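Asks: Dropping a structure here in structure tokens format, bear with me for questions.
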Amino acid sequence: MSDRAPRRRRTPLPYALLLPAVAALALALGYPLVRQVVLSFQDFGLAQQFGQPPTWIGVDNYRDLITDPYLWRVTLRSLAFCLVNAAVTMAIGVGLALLMRHMAKGVRVLVQTGLLLAWAMPVVASLTVWQWLFDTQYGVINYLLTELGFDFVGHPWLLRPLSFFFVATVIVVWMSVPFVAFTVYAALTQVSEDMVEAAEIDGAGALQRLRHVVLPAIRPVLLVVGLLQVIWDLRVFTQIFILQQAGGSTRDTNLLGTYIYRLGIGGGEFGMAAAVAIFMLALTVILTAPYVRAMLKQERESL
Amino acid sequence: MARAPRRSLRITANVLGVIAFLIAIFPVYWMVNSSFLARNEIRNPVPTWVPFGGDLDNYRTVFATDQFVNALKMSLMVTVLTIAVALAFAFVAAVAVSRFRFRGRMSFIITLLVIQMIPVEGLFISQYKMLETMDLLNTVIGLSLVYVSLVLPFTIWTLRGFVAGVPYELEEAAMMDGCSRTQAFFRITFPLLAPGLVATGVFGFIQAWNEFTLALVVMTREDQRTLPLWLSTFTDVNRGTDWGGIMAGSTLIAIPVVVFFLIVQGRMVGGLTSGAVKG
């Protein structure tokens with residue numbers, strides 16, 4: 001559609017119009033990217049921070065990192081956290097979207113209102129509320145579980161890594177489900193009723209209709225939304241960082257983002273931190289490639 | 001044959017729907033509820049479910065501290081500056097992309113998509129170093145600079161859709177009637193774009209207002225904190241946390257965001273699936 005637009009005549013005008021945006025992005029993202037690559041090949045620690053010139057050390061940072069079992073542990077932890085969160089979010093989000101079609105109208109409006117509010121909550125505010133809900137001494141969750149007959153009096157949720165990540169998962173899923181549910185529900189409303197009915201007349205049961213008619217129709221949306229969840233959940237920072245401040249061992253709960261922060265801003269090891277960041281960027285590019293391809297395909301089709 | 005399972009399906013859907021509603025809404029409700037409770041009600045093993053005896057003391061406490069007022073000012077300055085610059089830059093870029101065909105157009109669009117996928121953690125180390133060199137750490141301008149780069153790609157992407165949504169034929173018609181191309185654009189297309197600009201601006205506001213990670217990196221000094229930073233430090237100092245005050249603070253931060261979000265949400269859903277932004 002946009003390409004129906006005019007002007008094939010050569011004119012510098014579009015370039016002039018792009019200039020401010022390109023300049024801003026080049027300054028705030030492009031230059032740091034270059035600088036980061038440089039930094040990752042340098043020995044840049046606290047001494048350099050206090051004025052000593054950095055020394056070139058080639059791939060030493062990368063070699064140190066690749067041979068450091070801790071980096072691999074953090075990477076695997078990040079990937080596992082990302083995949084579990086994305087999977088749980090997708091399962092609940094898609095499930096809700098499918099169920100929404102069968103709810104009474106009042107209930108559906110109720111669900112949508114709740115999801116919209118959860119979606120709108122600022123990340124940091126949600127985090128403080130969830131911390132309060134999971135509070136060791138006066139948290140409602142411990143109270144309710146104890147009332148239900150389990151002994152959760154004074155249970156410290158953030159102390160052990162596994163329990164820490166459980167809490168983080170609850171929070172991340174709570175915040176992410178609305179986007180998935182709304183997007184998938186919007187896609188479902190586009191699925192032709194006639195096709196579903198035709199399948200029903202042909203004797204297809206509810207599950208068969210779901211598998212052979214409904215899900216294939218919304219497959220592209222499911223793919224893009226799922227991919228976005230993976231990308232977003234790989235880079236959780238705020239949730240982990242704030243929960244770490246509230247308790248729990250930093251070393252046992254670091255994911256890639258918080259690791260880079262603690263290494264660089266926290267520990268002054270800028271060269272090493274830059275190398276981990278480059279590693280994370282590479283990981284993101286690998287995960288993002290299919291998303292960009294899907295979006296471009298959509299873009300071309302809409303032209 | 002299909003009747004019986006249909007009914008049970010509907011009942012299951014309704015029951016699960018109510019449960020989903022409760023889980024989604026409970027933290028929001030609990031935040032507001034706790035913000036009205038007195039200290040002895042908060043520090044009680046048995047929770048108070050409805051704030052009957054509640055008052056505004058927690059809110060008074062929040063407003064009484066300099067830190068909150070400071071952080072509020074900081075957040076407002078950074079947010080306003082970010083949006084003003086991002087909207088202006090994005091608007092002209094969106095016009096270029098959707099009203100012209102030129103060499104490099106497609107690469108620009110691809111770059112926008114790729115940039116949106118870059119995690120802030122992937123670059124904040126060198127952004128920190130850069131701002132340090134430029135002497136812009138702990139400044140409104142420094143933080144706004146990185147925020148502009150954060151919201152710009154999505155803003156261009158969304159505005160592009162709005163610009164393309166105004167048919168070029170309208171401009172052509174105006175030009176036939178004697179307007180210059182620039183006049184046609186500003187008299188015909190621009191007014192039609194106003195709602196799109198507002199929606200996109202509000203969305204940028206929400207992002208900048210909520211942002212935590214870059215603020216943490218750039219604003220290292222206590223007196224230069226934005227609201228999310230202020231809120232996060234509220235909880236970590238000691239274990240005798242003032243939950244009533246924190247919930248009042250959280251509610252205050254959340255209110256503008258929730259209101260704005262509800263206003264623009266419908267408009268932006270399409271943009272979200274094609275744009276990709278998350279806090």
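The values are calculated or read from the model by the stated rules, or taken from the named source; none is laboratory data. Note that the coordinates shown come from a computational prediction; the quantities given were computed from them, not determined experimentally. Neighbour counts are summed over all protein chains in view; Cβ atoms, including those assigned to glycine, are modelled from backbone coordinates with ideal geometry.
Asks: Look through the stretch B:95-108, keep the residues that are hydrophobic (A, V, I, L, M, F, W, C) and at the interface with chain A (Cβ under 7 Å from one of its Cβ atoms), and return whichever of them is surrounded by the fewest Cβ atoms within 10 Å (Cβ to Cβ).
Replies: The selected residue is B:Phe108.
Asks: Collect the residues in the stretch B:160-176 that are part of a helix (DSSP H, G or I) and touching a Leu at 6+ places or on another chain (Cβ under 7 Å), keeping them in residue-number order.
Replies: Scanning the stretch B:160-176 gives B:Phe162, B:Val163.
Asks: Still on this structure, please answer the following. What are the residues in the stretch A:198-218 that are surrounded by fewer than 13 Cβ atoms within 10 Å (Cβ to Cβ) and within 19 Å of A:Met100 (Cβ to Cβ), if any?
Replies: A:Leu207, A:Arg211
Asks: While we're on this one: Any idea which of B:Ala184, B:Ala173, B:Ala164 is among the aliphatic types (A, V, I, L, M), in the same structural domain as B:Val95 (by TED's automatic domain parsing), at pLDDT 85 or above and surrounded by fewer than 15 Cβ atoms within 10 Å (Cβ to Cβ)?
Replies: None of the others qualify; the one that does is B:Ala173.
Asks: Name the pairs: first residue in the stretch A:133-160 and assigned to a helix (DSSP H, G or I), second residue aromatic (Phe, Trp, Tyr), Cβ to Cβ under 6 Å, at least 6 apart or on different chains?
Replies: The qualifying pairs are A:Ile141/A:Phe134; A:Asn142/A:Phe152; A:Leu145/A:Phe152; A:Thr146/A:Phe152.
Asks: For residues that are outside any helix (DSSP H, G or I) and facing chain A (nearest Cβ under 7 Å), tally how many sit in the stretch B:119-141.
Replies: Within the stretch B:119-141, residues that are outside any helix (DSSP H, G or I) and facing chain A (nearest Cβ under 7 Å) number 2.
Asks: Check off (1) assigned to a helix (DSSP H, G or I); (2) under 26 Å from B:Val62 (Cβ atoms); (3) facing another protein chain (nearest Cβ under 7 Å); (4) at pLDDT below 90 for B:Pro5 and give me the number that stays unchecked.
Replies: Only one criterion in (1) assigned to a helix (DSSP H, G or I); (2) under 26 Å from B:Val62 (Cβ atoms); (3) facing another protein chain (nearest Cβ under 7 Å); (4) at pLDDT below 90 is unmet by B:Pro5, namely (2).
Asks: Picking from B:Val269, B:Val257, B:Val264, B:Val217, which residue would you name as being modelled with pLDDT under 90, facing chain A (nearest Cβ under 7 Å) and either surrounded by fewer than 23 Cβ atoms within 10 Å (Cβ to Cβ) or not in a helix (DSSP H, G or I) (or both)?
Replies: Answer to the selection: B:Val269.
Asks: Is it fair to say B:Leu131 is touching a residue at least 40 places away in the same chain (Cβ under 8 Å), of a type outside the set (Gly, Ala, Ser), under 30 Å from A:Leu117 (Cβ atoms) and buried (at least 20 other Cβ atoms within 10 Å of the Cβ)?
Replies: Against the criterion (touching a residue at least 40 places away in the same chain (Cβ under 8 Å), of a type outside the set (Gly, Ala, Ser), under 30 Å from A:Leu117 (Cβ atoms) and buried (at least 20 other Cβ atoms within 10 Å of the Cβ)), B:Leu131 does not qualify.
Asks: Can I ask one more? Just checking, does the stretch B:25-36 include any residue being away from every other protein chain (no Cβ under 13 Å) and out of contact with any Cys (no Cβ under 8 Å at 6 or more places or on another chain)?
Replies: Yes: one or more hits.
Asks: For the stretch B:17-25, check the following and say yes or no: at least one residue is closer than 30 Å to A:Gly203 by Cβ, at pLDDT 85 or above and touching a His at 6+ places or on another chain (Cβ under 7 Å).
Replies: Within the stretch B:17-25, not a single residue is closer than 30 Å to A:Gly203 by Cβ, at pLDDT 85 or above and touching a His at 6+ places or on another chain (Cβ under 7 Å).
Asks: Which of the residues spanning the stretch A:285-303 are out of contact with any helix residue (DSSP H, G or I) (no Cβ under 6 Å at 6 or more places or on another chain) and within 26 Å of A:Leu39 (Cβ to Cβ)?
Replies: A:Val285, A:Ile286, A:Ala289
Asks: Answer yes if at least one residue in the stretch B:5-18 is surrounded by 12 or more Cβ atoms within 10 Å (Cβ to Cβ), in contact (Cβ under 8 Å) with a residue 24 or more places away in the chain and under 31 Å from the mean Cα position of the chain (by Cα), and no otherwise.
Replies: no
Asks: With the checklist (1) in a helix (DSSP H, G or I); (2) touching a Phe, Trp or Tyr at 6+ places or on another chain (Cβ under 6 Å); (3) closer than 30 Å to A:Leu127 by Cα; (4) more than 9 Å from every other protein chain (Cβ to nearest Cβ) in hand, flag the one item A:Gly271 doesn't pass.
Replies: With respect to (1) in a helix (DSSP H, G or I); (2) touching a Phe, Trp or Tyr at 6+ places or on another chain (Cβ under 6 Å); (3) closer than 30 Å to A:Leu127 by Cα; (4) more than 9 Å from every other protein chain (Cβ to nearest Cβ), A:Gly271 is out only on (3).
Asks: Can you confirm whether A:Ala206 is away from every other protein chain (no Cβ under 12 Å), small (Gly, Ala, Ser) and without any contact (Cβ under 8 Å) to a residue 12 or more places away in the chain?
Replies: The answer is no for A:Ala206.
Asks: Please count how many residues of the stretch B:201-214 are modelled with pLDDT of 90 or more, over 15 Å from B:Lys73 (Cα atoms) and more than 11 Å from chain A (Cβ to nearest Cβ).
Replies: Residues in the stretch B:201-214 being modelled with pLDDT of 90 or more, over 15 Å from B:Lys73 (Cα atoms) and more than 11 Å from chain A (Cβ to nearest Cβ): 3 in total.
Asks: Is it the case, given these coordinates, that A:Arg108 is closer than 18 Å to A:Val172 by Cα and among the charged types (D, E, K, R)?
Replies: No.
Asks: Right, another one. In the list B:Leu56, B:Leu81, which residue meets the criterion of being more than 7 Å from chain A (Cβ to nearest Cβ), modelled with pLDDT of 90 or more and under 18 Å from the mean Cα position of the chain (by Cα)?
Replies: Exactly one of B:Leu56, B:Leu81 is more than 7 Å from chain A (Cβ to nearest Cβ), modelled with pLDDT of 90 or more and under 18 Å from the mean Cα position of the chain (by Cα), namely B:Leu81.
Asks: Same structure, new question: Having 2 or more residues that are more than 9 Å from every other protein chain (Cβ to nearest Cβ), under 25 Å from A:Leu234 (Cβ atoms) and touching a residue at least 24 places away in the same chain (Cβ under 8 Å) is the bar; report the helices (runs of 4 or more DSSP H) wholly within the stretch A:23-117 that clear it.
Replies: Helices (runs of 4 or more DSSP H) meeting the threshold: A:60-66, A:69-100.
Asks: On the basis of being at pLDDT 90 or above and not in a helix (DSSP H, G or I), does A:Val225 make the cut?
Replies: For A:Val225, the condition - at pLDDT 90 or above and not in a helix (DSSP H, G or I) - is not met.
Asks: Looking only at residues that are at pLDDT 85 or above and closer than 27 Å to A:Gly267 by Cβ in the stretch B:228-254, which one is nearest to the chain's Cα centre (by Cα)?
Replies: My answer is B:Pro228.
Asks: Sticking with this one: Which pairs turn up if I take residues in the stretch B:62-82 that are in the same structural domain as B:Gly245 (by TED's automatic domain parsing) and look for partners that are among the charged types (D, E, K, R) and in a helix (DSSP H, G or I) with beta carbon separation below 7 Å, at least 6 apart in sequence or on another chain?
Replies: Within 7 Å, the pairs are B:Asn70/B:Asp223.
Yes/no per residue for (1) basic (Lys, Arg); (2) under 30 Å from A:Phe237 (Cβ atoms); (3) within 9 Å of another protein chain (Cβ to nearest Cβ):
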{"site": "B:Trp157", "(1), (2), (3)": "no, yes, no"}
{"site": "B:Gly161", "(1), (2), (3)": "no, yes, yes"}
{"site": "B:Val166", "(1), (2), (3)": "no, no, no"}
{"site": "B:Leu170", "(1), (2), (3)": "no, no, no"}
{"site": "B:Phe185", "(1), (2), (3)": "no, no, no"}
{"site": "B:Pro191", "(1), (2), (3)": "no, no, no"}
{"site": "B:Ala194", "(1), (2), (3)": "no, no, no"}
